[in-house]
Amino acid sequence: MRNHSIRVGEVSIKRNRLKPHVHDALSIGIIDEGVCDVSCASDRLIAGVGSVTIINPGVAHDGADFDGEGLRYSCINIPKAFIEFNQKDCVSFLGEGPDSGFIVNDPTILTMLKKLYFILSNGNYDKMLSEEYFELCLSKLIDRYGRSLENEPLSRDKLKNLKCYLKEECQTVVELKTLSDSVGMHPTHLIRSFKRAFGLSPYQYLMSCRIEKAMGYLLDGMRIADTAIECGFVDQSHFHRHFKKSVGLTPGQYIRSFTRIC
């Protein structure tokens, strides 16, 4: 994912009102402390902790703490060009109209956006996981608050080819954008189609293939640290975490518990 195109950060305001401004981006604000007071177009948004403000691209808005007691919020700005607004298979706008902003009071959306902010700001997550989670969050927002146009269903043969590609390339860095470009489909729709066909998302299948490779290498006597790198994991900790979740044993326990027969 083009992380340099998405801006994330934390903003603190106290007894101050930001001047009206615009972003060529979908602006998402997760209220962490205090109460925000935002004027945009003909709307006035008052939101407290546990709420999320969403402002469509190009909409002029300001911002302040409502009661002068201070405000802190986490920002995710997703550029209009990145999510291809007004293009087929993508959202045209969220909320009541393209010149508006609105408040989301939805625990599910809040939890997802907080996790997305953490992943994007942390920078230590697997690239494909970051891409996939971003697309899933965007898809959830579109499903609940916007409009999207679906592509034609992806053929079973194309999905099988993608599955074979992931298996063959599981030890390398695989990008979701590369997969979606190869079939001419928006990433969100690709994830849905792949999971509908095989029961796993592309990322989940990729990790499954990596774990399968790792099991063989470990029984061949390869060191755990070398296996982690050879199989495309970020580091040994990343490998250990996924291996335990998939196999139920740590890599060391697996070596001691299993033997290759033939």
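Listed values, structure above:
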quantity: Scope segment 17-39; condition over 23 Å from ILE6 (Cα atoms) and of a type in the set (Gly, Ala, Ser); matching residues; calculated: GLY34, SER39
quantity: Every residue from segment 153-174 that is among the acidic types (Asp, Glu), surrounded by fewer than 14 Cβ atoms within 10 Å (Cβ to Cβ) and either in contact (Cβ under 8 Å) with a residue 24 or more places away in the chain or under 18 Å from GLU230 (Cα atoms) (or both); calculated: GLU168
quantity: Tabulated pairs, segment 192-205, first assigned to a helix (DSSP H, G or I) and modelled with pLDDT of 85 or more, second aromatic (Phe, Trp, Tyr) and crowded, with 21+ Cβ neighbours inside 10 Å, C-beta under 7 angstrom, 6+ apart or interchain; calculated: PRO202/PHE194
quantity: Residue in segment 46-62 that is among the hydroxyl-bearing types (Ser, Thr, Tyr), assigned to a strand (DSSP E or B) and in contact (Cβ under 8 Å) with a residue 60 or more places away in the chain present; calculated: no
quantity: Neighbours by Cβ (under 9 Å, 6+ apart or cross-chain): first from segment 235-247, outside the structural domain of ASP126 (by TED's automatic domain parsing) and closer than 15 Å to ARG223 by Cα; second surrounded by 12 or more Cβ atoms within 10 Å (Cβ to Cβ) and among the aromatic types (Phe, Trp, Tyr); calculated: PHE239/PHE233; HIS240/PHE233; PHE243/PHE233; PHE243/TYR254
quantity: Failed condition for THR188, given (1) among the polar types (S, T, N, Q); (2) surrounded by 15 or more Cβ atoms within 10 Å (Cβ to Cβ); (3) more than 19 Å from the chain's Cα centre (by Cα); calculated: (3)
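So that you can scan it fast, the table gives a plain yes or no per residue for (1) at pLDDT below 90; (2) assigned to a helix (DSSP H, G or I):
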position: ALA214; (1), (2): no, yes
position: MET222; (1), (2): no, no
position: THR227; (1), (2): no, yes
position: LYS245; (1), (2): yes, yes
position: LEU249; (1), (2): yes, no
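The values are calculated or read from the model by the stated rules, or taken from the named source; none is laboratory data. Please read these numbers as outputs of a predicted model, since none were measured by experiment. Because the Cβ atoms are built from the backbone with ideal geometry, glycine has one as well, and the counts that use them run over all protein chains shown.
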